[in-house]
1. For a quick check, take a GNM of the chain with Cα springs below 10 Å and name the residue from H78, H20, H45 with the largest mean-square fluctuation.
2. So what's the back-of-envelope 222 nm ellipticity for the chain, counting only DSSP H runs of four-plus at -39500 (n - 2.57) apiece and dividing by all residues, rounded to 500?
3. Hey, what's the Kirkwood Rh for region 1-83 if you take every pair of different alpha carbons, in angstrom?
4. Which aspartates and glutamates have a Cα lying under 17 Å from the Cα of K2, excluding residues fewer than 8 positions away in the same chain?
5. Calculate the translational D of the chain in whole µm² s⁻¹ from Stokes-Einstein, where the hydrodynamic radius comes from the Kirkwood formula applied to all Cα pairs, the temperature is 20 °C and the viscosity 1.002 mPa s.
6. Taking the chain as a Gaussian network, Cα atoms linked when under 10 Å apart, which of S49, S85, S35 shows the biggest mean-square fluctuation?
7. Can you run phi through the Karplus equation (6.51, -1.76, 1.60; θ = phi - 60°) for region 72-82 and list ³J(HN,Hα) in whole Hz, with x for Gly and Pro?
8. Find the relative contact order for the chain and round it to a whole percent, using C-alpha pairs within less than 8 Å whose residues are 6+ positions apart.
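Read the figures in this text as sums done on the coordinates, not as results from a lab. For clarity, every value in this text was computed on a predicted model and none was experimentally measured.
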Amino acid sequence: MKSYRKELWFEVPTRRAFVHITPEVEQCLDEAGISEGLVLVNAMHITASVFINDDEAGLHQDYEDWLEQLAPHEPVDHYRHNQNSMREDNGDAHLKRQIMGREVVVAVTGGRLDLGTWERIFYGEFDGRRRKRALVKIIGE
């Protein structure tokens with residue numbers, strides 16, 4: 001069995017964004033040289049997410065609107081996290097990450113990501129404007 005590890009780094013200039021990372025994960029799979037196995041992609045920050053869904057702008061805006069309704073950024077003093085942490089204003093980002101999830105696992109078949117027709121992998125950022133990373137771990141043969 002082979003194992004591969006790589007960190008993908010992001011510096012999103014806005015507070016929130018969805019970054020399509022399927023091509024980067026496919027590049028990792030090519031580098032790993034694995035034809036059958038599993039790919040794990042996980043956000044390594046507690047205010048970011050990795051998820052699978054459609055790469056469609058309307059859906060991404062729906063996510064943005066829905067997440068903001070569930071956990072609005074303001075008022076920032078609404079969150080105990082912001083009150084207890086010195087100069088923090090990202091209590092909402094922690095909740096958004098919990099909703100969107102930490103990681104995805106994708107099967108590898110015939111050297112390719114075994115995704116559904118419209119499935120794409122995304123890095124979700126909920127407290128951007130600084131450098132963060134996601135881990136790609138691939139195991140298989």
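1. For the chain, modelled as a Gaussian network with Cα springs under 10 Å, the answer is H78.
2. Computed mean residue ellipticity for the chain: -8500 deg cm²/dmol.
3. Value: 15.7 Å, from the Cα pair sum.
4. Excluding near neighbours in sequence, the set is E26, D30, E31, E36, E141.
5. D = 135 µm²/s.
6. Per the Cα network of the chain with a 10 Å cutoff, S85 tops the list.
7. x, 5, 10, x, 5, 6, 5, 9, 4, 4, 5
8. 54 percent.
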